[in-house]
Structures are given as C-alpha cells and as structure tokens.
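Step one of this worksheet: look at the structure below.
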Amino acid sequence: MSDNKATLTVGGDTQDYAIMDGTVGPQVIDVRKLYANTGMFTYDPGFTSTASCDSGLTYIDGDEGVLLHRGYPIGQLAEQSSFMEVSYLLLNGELPSAKELDEFTRTITRHTMIHEQLTTFYRGFRRDAHPMAIMCGVVGALSAFYHDSTDINDPEQRRIASHRLIAKMPTIAAMAYKYSVGQPFVYPRNDLSYTANFLRMTFSVPAEEYEVDPVVVDAMDKIFILHADHEQNASTSTVRLAGSSGANPFACIAAGIACLWGPAHGGANEAALNMLREIGTVDRIPEYIARAKNKDDPFRLMGFGHRVYKNYDPRATVMQKTAKDVLEKLGVDDPIFDVAKELEQIALNDPYFIEKKLYPNVDFYSGVILSAIGFPTEMFTVLFALARTVGWVAQWNEMISDPAQKIGRPRQLYTGPTQRDYVPVDKR
Ligand code: SDX
C-alpha cells in the first residue's frame, strides 16, 4: 500500500482515497468508498481507466510492449517453454520441476476424453454451423455431465474442473472441425503430447496412419502459448464476472467463449485473414488503408490496434517469425503473407497509425500460420479459445480463492425518463 493518497473535493466536501501499489505498473486509486462518501459513481464505459481486480498472473506494459506471465517474458516462454509448462505456470505460479511437469501432463492427458453422450450434441447442429457456436453449446453443456466438479467452494473440485476444461477443449475443438467436414470423430491418444494429440484428432482419418509433423506441433504449441492469458481482456473479464455470481466453471468458460467470438476480440484472427484475402494483392493495400482511416467507413484493419498495447504487441513479433519459419519449412508460398508484411510496413509508416499508436496485434499473423497448417478460417477463434481456456481457468481460480471477492455489480449513469404514470391504451 502506497503511503500517498488522492484527495477529491465534491460539493465542498474533501475526502482522501488511498493509492495502492502493485509490484510493477500503474498504481490504483481505491474508490470503493466513493459512492458512500459522495453519492456519486465513477464513470468509465469500456473500463479504459479501471482496474477490476488485483491479479498476479499476467503483467502487460502497453507502452513498452511487455507481456509477462508470472514474471516470465512471453518471448522467452514462446521460444523455450511448452504450452503444458506455461499452463502449469499460470495455474500454480511457478515453473514446474521435471517431475511436476510430468505429473501435470499425465493428469491433463487422462482427462482428454469427453462423455460419449456429448457426441450427440454435435448431431443437433447443422454441418455448416460456425464452430464457435458449437463450442459455446458443448462447453456450456459440460456442467450437465461433470456434476462432481461444479462445487466452486471445494478446492479439489475446482482443481478437477480446471484440469477437465484444459484437457477437453482440444477434443471438443477437433470434434467441431470433424463435424463440419463430415469426417468421423477421432478419439484422443494418451501416448501423444497435448498439442500432437489435438492435431491428430483434427487432421487424421481412420483410413490411414497419421504422422504428426514436428514442425507443425512446434508452431501450434507456440501459438497456444501466445494465446494462453492476457490480463483482464474482455473475455477474461466475462469469465470473472460470471464466476463472481458462483456459476459453475463450465458455464463461466462458455461465457468467455461467447465473448471471445466477437471480431473486436478473439474473432479478429478470422476477420484479419478474411481481410487479407479480400485485399488479395499488394497493389490494393492503399485502398484499404484509406478505408481504415475514413471516419465514415466502419472498416478497420483487423489484427491492428489494441486497448493496452500502444507499441508492438510482443506476441505479434513471435507470430510473424513463426509464420516465416512454418511457411518455409512446410514449403507453403502463401501470397497473403507478403500482403500482410507489406500492409504492416505501409501502416506503420502512415501518420494516422503512428498518431493513434496502432500496431499489429496477436491476431494479425496467426491466421497465416493456421491457414498454412490446414485450418479453415472459421476454426481460428476456436483455437484461440482452446489456448485461452487455461488463462480463463487460472483467472477464475484466482478470483474464487480470493476471500475478499464479491459479486460484480457495476452501476450506471441513468439517462432514461424520470417517474411518470401509466396511461391506458385508449387514452394514448
Ligand atoms: C484481442 O484486450 C486484450 O488483451 C485482447 C487480446 C487478448 O489477448 O485477449 O489481446 C486479443 O482482442 C486483440 C485485438 C483484436 N481486435 C482487432 O484486431 C480488431 C481491430 N482493432 C480495433 O477494433 C481496436 O483496435 C480494438 C478493439 C482492438 C481496441 O479498441 P479501443 O482500445 O477501444 O480503441 P478505439 O476503438 O477507441 O480506437 C482508438 C482510435 C479510434 O479512432 P478515433 O475515434 O480516436 O479517431 O484508433 C482507431 C479508432 O477508429 N482504430 C483503428 C483501428 N483500431 C483503432 N483504425 C483503423 N483500424 C484499426 N484496427
């Protein structure tokens, strides 16, 4: 707690509000007593200046383009760690020993199957249903099958539910893809790594053996790491708000998936690749840059800009390098990658983007890699949700285990009619 305070005078009455320090980053002014003292609320739609909680999971410095998970820089984790190890780190706060990692991985592996009855859920969807619609439905339905891990006040049930969610998302995601292409579901295999298992469940067919390409496994695992957690973004805040009411973890994660789907958030990776394909060739870039700058045109450069990063998103840096490596190793020559790189260069030298501090974000290059691996664009946000599940679950556990946590219930600035009497219809 900082020894300094903020002083606010309202209507002649002066009150002090404590200023609190984090371990690093912006301080906060504790306004919890503001309404009791002044009868006024703070006003911050979009929460541009509001800290909703304290958290020790992820730190972002938007001006410096820094992203730390439990203190470790995302670049180091992406290059040296694995998604399973980063998942352990987010959930437990420290990097695991070899024995701890092995035990955690084995636990996750043994939760990858889903209740067989859940496969009937898929048959209720049209084959052309967006896989994010399927994810919302099937993940929400998990609470109907795993009653023995829905008591949020029991740490052991929270632990099992957390492992079930992390473990089953790849299986559910792969099944959504298989259903969309009319191929049979592929069951998980316990002799494969988390990411290799997911790729095999997605791309293998019963008619032949499937060899997982280590280049693709490495790229996919890196993509999962880059998407694992990101402070109090919209979908994480949704999970926390849902969880604050005591809702079960499966329902909370389903709420997070729904929020992530939006094109301003996790849906941007699908929208960014569709945009790059619509642009098509480098010579058409100026037309789209002009549209992005035109106030009367709702078009935005998808994969560009960020609420927090006013510098390069460090994940985009890793993503661009991974895209280059994967396309080279897979021998994929995708002109879209050239369009993306040229678009980035033009935008980063354009006064509009410089003034508004708009840089590529995590979603700008991810689609190039996912497309090269063979995923349809509709699956991109599903992959984001798969990876972000560990972040959502870790944030949810952090909130639930905080003895000070209470139900989230924001107030408003009311702008509707004042009280008036009902008028019968024959008198209107
Ligand atoms: C993710 O929060 C997170 O951490 C999210 C995420 C995570 O890991 O969880 O990082 C993942 O969601 C990344 C963001 C993916 N979304 C997109 O790429 C969609 C395109 N980007 C924009 O919609 C926008 O940049 C947001 C939504 C990402 C951020 O919006 P803000 O912070 O509310 O900023 P804003 O909309 O107020 O924009 C500020 C100005 C505006 O111009 P003015 O009204 O001030 O004149 O910048 C302009 C905007 O018009 N602007 C853009 C732009 N993004 C912002 N102009 C053109 N193209 C863009 N992409």
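The values are calculated or read from the model by the stated rules, or taken from the named source; none is laboratory data. Keep in mind that what you see is a predicted model, and the values were worked out from it rather than measured. Don't worry about glycine lacking a Cβ; one is built from the backbone with ideal geometry, like all the others, and counts go over all protein chains shown. Keep in mind that these areas ignore ligands, DNA and RNA; they rest on the heavy atoms of the full protein, side chains included. Shrake-Rupley method; radii C 1.70, N 1.55, O 1.52, S 1.80 Å.
Run down Asp333, Asp313 and say which single residue is touching a strand residue (DSSP E or B) at 6+ places or on another chain (Cβ under 7 Å) and under 28 Å from Gln80 (Cα atoms).
On the way: Asp333 fails: touching a strand residue (DSSP E or B) at 6+ places or on another chain (Cβ under 7 Å).
Going through Asp333, Asp313 in turn, just one is touching a strand residue (DSSP E or B) at 6+ places or on another chain (Cβ under 7 Å) and under 28 Å from Gln80 (Cα atoms): Asp313.
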Seminar exercise, completed: Of all helices (runs of 4 or more DSSP H) fully inside the range 348-428, the set with 3 or more residues that are hydrophobic (A, V, I, L, M, F, W, C) and at negative phi is 362-373, 380-400
Problem set entry | Index of the failed condition, Val282 passing every other in (1) away from the ligand (no atom under 16 Å from the Cβ); (2) touching a strand residue (DSSP E or B) at 6+ places or on another chain (Cβ under 6 Å) | (2)
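So if I check each of Asp221, Asp229, which one is away from the ligand (no atom under 16 Å from the Cβ), touching a residue at least 24 places away in the same chain (Cβ under 8 Å) and surrounded by 18 or more Cβ atoms within 10 Å (Cβ to Cβ)?
Just a single option satisfies the conditions, and that option is Asp221.
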Problem set entry | Residue that is farthest from the chain's Cα centre (by Cα), among those in the range 313-327 that are open to solvent by less than 50 Å² (accessible area, probe 1.4 Å) and closer than 17 Å to Asp61 by Cβ | Val318
Exercise. Only one residue in Arg307, Arg315 is within 13 Å of the ligand (Cβ to nearest atom) and assigned to a helix (DSSP H, G or I). Which one?
Worked result: Arg315
For this session: Only residues in the range 404-416 that are within 18 Å of Val239 (Cβ to Cβ) and at pLDDT 95 or above count as the first member; pair them with residues that are outside any loop (DSSP other than H, G, I, E, B) and open to solvent by 80 Å² or more (accessible area, probe 1.4 Å), Cβ under 6 angstrom, at least 6 apart or cross-chain, and list the lot.
Result: Gly408/Leu241
Exercise. Is it the case that the range 387-400 has a residue that's within 16 Å of the ligand (Cβ to nearest atom), among the polar types (S, T, N, Q) and without any contact (Cβ under 8 Å) to a residue 40 or more places away in the chain?
Worked result: no
For this session: Can you give me the number of residues within the range 263-279 that are more than 18 Å from Leu348 (Cβ to Cβ) and more than 9 Å from the ligand (Cβ to nearest atom)?
Result: 5
Exercise. Has the range 288-304 got any residue that is within 11 Å of the ligand (Cβ to nearest atom), more than 20 Å from Ala141 (Cα to Cα), surrounded by fewer than 19 Cβ atoms within 10 Å (Cβ to Cβ) and among the polar types (S, T, N, Q)?
Worked result: yes
Problem set entry | Filtered residues of the range 237-274 (kept if buried (at least 24 other Cβ atoms within 10 Å of the Cβ), over 16 Å from Leu386 (Cα atoms) and either in contact with a Cys (Cβ under 6 Å, 6 or more places away or on another chain) or free of Cβ contacts under 8 Å to residues at least 40 places away in the same chain (or both)) | Gly243
Exercise. Ser143 fails exactly one of the following numbered conditions: (1) in contact (Cβ under 8 Å) with a residue 12 or more places away in the chain; (2) open to solvent by 10 Å² or more (accessible area, probe 1.4 Å); (3) closer than 22 Å to Tyr194 by Cα. What is the number of that condition?
Worked result: (3)
For this session: Using the structure shown, decide if Arg158 is of a type in the set (Lys, Arg), within 24 Å of Trp396 (Cβ to Cβ) and at pLDDT 95 or above.
Result: yes
Problem set entry | In the range 185-200, the residues that are in a loop (DSSP other than H, G, I, E, B) and not polar (S, T, N, Q) | Phe185, Val186, Tyr187, Pro188, Arg189, Asp191, Leu192
